[in-house]
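Just so it is clear, none of the values below were taken in a lab; they were calculated from the coordinates. This is a predicted model, so every value here is computed, not measured. For neighbour counting, all protein chains shown are included, and Cβ atoms are generated from backbone atoms with ideal geometry for every residue, glycine included.
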Amino acid sequence: MKFATYALLSVLAGSELSGTSRAFAPWTALASTKPLHSTLAPEAPSWVADEDNGGNSRANHQTRTSPSVSSRLKIEVQRDVPNVDDESFSSSGGALAMSIEELSEKLGGRGRAQIVWDCYSIGVDPANLFGRVIKLGWDDYETILNELPSQRRSQRLGPETLEKLKELYQQSFGEKVKKVEGGVATLSHISRAKDDTTKLLLKLSDGLEVETVIIPWKGKRSTLCISSQVGCRQGCTFCATGKMGKLRDLSTSEILAQMFYALKIQRLEELPEISNVVFMGMGEPSDNVENVVRATKILTTRELFQMSASKVTVSTVAPTPEAFKEFAKAPCVLAWSVHAVNDDLRKKLVPTTKYSMEELRQGLIDGLLSRPINARTCMLEVALMRGVNDQLEHAKELAEFTQVLIDRVPGVKPHINLIPYNDIGQHSLYEKPLAEDVVAFQKHLQSKGMYVHIRSTRGDDKIAACGQLATSKRPNMIS
Ligand code: SF4
């Protein structure tokens, strides 16, 4: 799952950011603007800071100001994650969902496949760059070439290869979808808060919309929050996306199109490079497990999006204990949206819960035990709501619950993230917690030796929360 309604938002007294958003209705409206750099330097989501050892998962990803392009091919050693064989996933949904081997076979050569991925990994559609009629939007042809690895800068994809590339998308999405940009997805709206949190709304080929959010951190790096479904069937009572119901799953390509566009915007707007990806946007990842797992593999494959698996986090509300086992096999950090450990209260917050918290915890334990001892970092996430689950008694229950996990999983390092709920407005049943209650909650857990952070407010305007932009554009879908 994710944090549809609150993930990026809200706030502790004193850290609350104020300001207005800047919304750019058609994406093209932003083209003529200068990058909007904020003087605010908000804190990173705590787990970003915790995970961050000073390096960058996409150490090779270049911004316009980066001097070295060839360094883009260097990959950070993935110490804390399961090894993933590049060939262990199969294709679905066009070139963006294919391994380099699969694409090489389809295009008739590894060099061609690598050129395609050179482009995707900086948010450029090769169909645009090498097409007969070049349409690059605000992208500048020479700048793009300079972003590509030097050894392939002079190489081009010919008409025959472009035709094959087009057919790969048509086979998956129908005649009209011929490429990623303007095909699999079209950027239809972009908004930016004062802290530079940038929300993208993508229109899919069937007209549905999905959102993704770039969250810069102290001007150094950014986290990308992506969606796995349009809507969500889990119906968490505090979540805007849950009120939409599930409209459909996203294909692997549609999930990765969010990364593609985020890389484009990050590059063009000179936002800090994207070092982390979190599946905390719209949708419950375990309800679309095959496509999410494949997307994590493509995100973390050397020739593709090149991220470290320790920088890709999949957050699930855990509809079943098996959800953890599936994601334990994927190259990602596991995160569990716990919210409450008392079964009755949990059921009120996550009404689709069918298993006891003990059973779900056992699923997490089994999933973590299936990993190497040095790959057992996990997150426990709790959205705190005033007078509902933010009191000392709840902190005590959570501490006891977490201690069992620690006792049973050698090497586990649970990071508890407290997320003060943000009132999403007219549809909200809940209120944001008092700052003193949040701090007391944190202190109790810390007194038990647990690693706890309060997630800071990001995106300081009314549409900054995950789930809120899409839902605000179709109010008739909200009950
Ligand atoms: S309803 Fe779905 S998207 Fe919203 S919090 Fe629950 S699992 Fe996440």
As a quick test, which of the pairs LYS179/LYS199; LYS354/LYS413; LYS199/LYS348; LYS135/LYS178 have an alpha carbon distance above 18 angstrom in this structure?
LYS179/LYS199; LYS354/LYS413; LYS199/LYS348
Would you calculate the separation in nanometres between label points at GLU431 and LYS443, each defined as 7 Å from the Cα along the Cα-to-beta-carbon direction?
2.2 nm
Residue separation times 0.36 nm, minus the C-alpha to C-alpha distance between ARG233 and GLU290: what's the value?
18.8 nm
Check cross-link reach from LYS297 to the lysines: straight Cα distance under 17 Å, and skip same-chain residues fewer than eight apart.
LYS311, LYS325, LYS329
Please list, ordered by chain and number, the residues whose modelled amide H lies under 5 Å from the amide H of GLY182; skip anything fewer than 5 residues away on the same chain.
LEU187
Amide H within-cut-off set for GLU209, under 5 Å, with H built and near neighbours excluded:
LEU204
Calculate the spin-label point distance for GLU270 paired with ASP343, positioning each point 7 Å from the Cα along the beta-carbon direction, and give it in nanometres.
5.8 nm
Residues meeting the amide H criterion for GLU381 (H placed from the backbone, H to H distance under 5 Å, 5 or more places apart or on another chain) are TRP336, SER337, VAL338, HIS339, ASN417
Anisotropy class of the range 309-439 from Cα gyration tensor, a/c 1.5 cut
prolate
Inter-label distance, nm, simple model (7 Å from Cα along the C-beta direction), LYS325/GLU101:
2.6 nm
